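**Q** This is the structure I have questions about; it appears just below.
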Amino acid sequence: MRRRSIADGHLVRVFNDRGACLTGARLNADLRPGVVKLSTGAWWDPDRPGEPDALDRHGNPNVLTRDVGASSLSQGCSAQTCLVQIERFAGVAPPMRAYEPPAFVGGGR
């Protein structure tokens, strides 16, 4: 990660032609060079809700993968892999809102 100026603990942008998300970098010598591992389980937290190219601020890998089932029978995950790029995030980290309740439409609860 030296050639990308990424060190352990840096905030990074992981992206491809499907989307982009922010996550913290944890360097691990057990991973093959050129491999990025992004665990599942993050809540979707777009910086611009409703816009297709919104940056996910919470590290949700679903923004990077195809949304296609394995078959019409199983509808299971078609793959846990995809090609991505990674770069050190420039600028101030945006606030994370994944744990805030959504705004209600129409004023009611």
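The values are calculated or read from the model by the stated rules, or taken from the named source; none is laboratory data. Keep in mind the model is a prediction, meaning the values are calculated, not measured. When we count neighbours, we look across all protein chains shown, and the Cβ atoms used for this are built from the backbone with ideal geometry, even at glycine.
**Q** Looking at Ala103, Ala42, Ala98, which is the one that is assigned to a loop (DSSP other than H, G, I, E, B), out of contact with any Phe, Trp or Tyr (no Cβ under 9 Å at 6 or more places or on another chain), in contact (Cβ under 8 Å) with a residue 40 or more places away in the chain and small (Gly, Ala, Ser)?
**A** Result of the check over Ala103, Ala42, Ala98: Ala42.
**Q** So, in the range 22-35, exactly how many residues are modelled with pLDDT under 95 and in contact with a Phe, Trp or Tyr (Cβ under 8 Å, 6 or more places away or on another chain)?
**A** Going through the range 22-35 one residue at a time, the tally reaches 0.
**Q** Tell me the residue from Ala54, Ala90 that is of a type outside the set (Phe, Trp, Tyr), within 17 Å of Arg13 (Cα to Cα) and in contact with a helix residue (DSSP H, G or I) (Cβ under 9 Å, 6 or more places away or on another chain), please.
**A** Residue meeting the stated conditions: Ala54.
**Q** Going through the range 16-57 one residue at a time, which ones are acidic (Asp, Glu) and within 22 Å of Val92 (Cα to Cα)?
**A** Across the range 16-57, the qualifying residues are Asp45, Asp47, Glu51, Asp53, Asp56.
**Q** Answer with yes or no whether Ala7 is touching a residue at least 12 places away in the same chain (Cβ under 8 Å), buried (at least 16 other Cβ atoms within 10 Å of the Cβ) and assigned to a loop (DSSP other than H, G, I, E, B).
**A** It is false that Ala7 is touching a residue at least 12 places away in the same chain (Cβ under 8 Å), buried (at least 16 other Cβ atoms within 10 Å of the Cβ) and assigned to a loop (DSSP other than H, G, I, E, B).
**Q** Pick out the one residue from Pro52, Pro61 that is more than 22 Å from Gly24 (Cβ to Cβ) and either modelled with pLDDT under 85 or surrounded by 10 or more Cβ atoms within 10 Å (Cβ to Cβ) (or both).
**A** Pro52
**Q** Any idea how many residues of the range 58-72 are under 10 Å from the mean Cα position of the chain (by Cα), in a loop (DSSP other than H, G, I, E, B) and hydrophobic (A, V, I, L, M, F, W, C)?
**A** Residues meeting the conditions: 1.
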